Amino acid sequence: MFLVNIIWPLKYASDYRPFFTIHNSEFHEITFNSSLKPSSPKMIIGVTNPFFAKLLHQWPHMIRIDDVQPKCKPKKPERFLVDQDDENLSVNEFDDDTELSSSPQTTIRKTFLTSSKPFKPTYTLNNKTSHLIFDMKPGLYTKYKPYLQRDKIILKKLESSNCRQRPDTVQNALLRRFFLELTQSFIIPLERYFTSLLPLRKYYQANREPPIIKEFDKDEFLKTLDQYGPQLTSGLKGDWKDLYKHFLSTPNFSLWLSNRRQEGNAKIYFLYLEIIANCHLENDLNLSRLTEIELIDLVIKFQHLIQRLESKTDELLITIDQVFKDDYLKKLQLRMKILIEENLSDDMKLLFNKSVKIPSS
């Protein structure tokens, strides 16, 4: 769950199985079938059986977690299988120089670059063949090139001399805070651009339909990063623009945009209801210039708005406070009553009075 929530307040949009075993009903589909596909499925699974490392060796990321144990008595990590088919398999760990060997013929050395370039640790194999590693150190093993450099400050805090006396809860809190601040810096440019897509107040008019949100233009958004990018709030260096390009093609972005559009549409509809509920019928709707057909359409429109306010399941109105909903409902009912009784013909009055509940003044 921590891995999924590490990008909070962003939400993970793909599938994840924190306790996946060989007895799972979808074991065959996820393991054997995915190995036949050109790309691995977009999902996260949590396993303890090293057999999965052989089955899923083509997956681009693997996190090896050690057993929970006392800090004063380090224990050899549990065995885990990984098929390394990339000569430059990146590893994100904290040690500076560690050698792992699974056979006399194959030696894997992990090297950390100390230059100012983005962090890119590498493996060096003394042969070109893929090899299964049985004794892997805990860490992140990935075939992807990182977009951002390491944050040396957080690493120093986690590896400081007093970290052995520091409770795990404090270490976890440091990591959570780090990733939260990093994700917030990442989201701010997205939120700023999305806000610019929302309609201005002047476009809310009682005699028109609610305004709509503009489309999210990915190229236009990327152009804003030079001036309003995460460099304003984060000191972390790296290729932020490429990171955003990758993010814009992921299900996580689609979910974020869908949620923001839903929230934006709810806000638009709330403001639209406010405008209509408080409108002046003659000045804002020009009743004297409307034909009876247009007046009937207006009554039907008010009737539809009233029905939505009375509904308990309308997605656009769920987030509106009930006090506001009750206030708008009374005002709309009053205005519809005036429309019917003072502007429609007797036949239309009779028709609408039978089909619509209009409270007495």
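State whether one or more residues within the stretch 181-189 are crowded, with 16+ Cβ neighbours inside 10 Å, under 30 Å from L248 (Cβ atoms) and over 21 Å from the mean Cα position of the chain (by Cα). Within the stretch 181-189 (the criterion being crowded, with 16+ Cβ neighbours inside 10 Å, under 30 Å from L248 (Cβ atoms) and over 21 Å from the mean Cα position of the chain (by Cα)), the answer is no, since none of the residues qualifies. Just the residues that are at pLDDT 80 or above, hydrophobic (A, V, I, L, M, F, W, C) and over 27 Å from R260 (Cβ atoms), please, taken from the stretch 1-34. Those that are at pLDDT 80 or above, hydrophobic (A, V, I, L, M, F, W, C) and over 27 Å from R260 (Cβ atoms): F19, F20, I22, F27. Each residue in the stretch 188-213 was checked for being charged (D, E, K, R) and closer than 26 Å to W240 by Cα, and 2 of them qualify. Of the candidates K214, K202, the single residue that is modelled with pLDDT of 95 or more, over 17 Å from I6 (Cα atoms) and surrounded by fewer than 16 Cβ atoms within 10 Å (Cβ to Cβ) is K214.
Would you tally the residues in the stretch 331-343 being surrounded by fewer than 19 Cβ atoms within 10 Å (Cβ to Cβ), closer than 12 Å to L298 by Cβ and either aliphatic (A, V, I, L, M) or in contact with a Ser or Thr (Cβ under 8 Å, 6 or more places away or on another chain) (or both)? Result for the stretch 331-343: 1.
Within the stretch 192-207, the set of residues being part of a helix (DSSP H, G or I) and aliphatic (A, V, I, L, M) comprises L197 only. Scan the stretch 121-158 for residues that are at pLDDT 80 or above, in a loop (DSSP other than H, G, I, E, B) and either over 20 Å from W59 (Cα atoms) or touching a strand residue (DSSP E or B) at 6+ places or on another chain (Cβ under 6 Å) (or both) and jot them down. Those that are at pLDDT 80 or above, in a loop (DSSP other than H, G, I, E, B) and either over 20 Å from W59 (Cα atoms) or touching a strand residue (DSSP E or B) at 6+ places or on another chain (Cβ under 6 Å) (or both): P138, Y147, Q149, R150, D151.
Quick grid of which residues meet (1) within 14 Å of L305 (Cα to Cα); (2) at pLDDT 90 or above; (3) in contact with a His (Cβ under 8 Å, 6 or more places away or on another chain); (4) of a type in the set (D, E, K, R):
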| site | (1), (2), (3), (4) |
| --- | --- |
| K325 | yes, yes, no, yes |
| Y328 | yes, yes, no, no |
| Q333 | yes, yes, no, no |
| N343 | no, no, no, no |
| M348 | no, no, no, no |
| N353 | no, no, no, no |
| P359 | no, no, no, no |
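Taking the stretch 313-329 as the region of interest, how many residues are surrounded by 14 or more Cβ atoms within 10 Å (Cβ to Cβ) and part of a helix (DSSP H, G or I)? Number satisfying all stated conditions: 5.
The values are calculated or read from the model by the stated rules, or taken from the named source; none is laboratory data. All values reported here derive from a predicted model rather than from experimental measurement. Cβ: placed from backbone, ideal geometry, glycine included. Neighbour counts: every protein chain shown.
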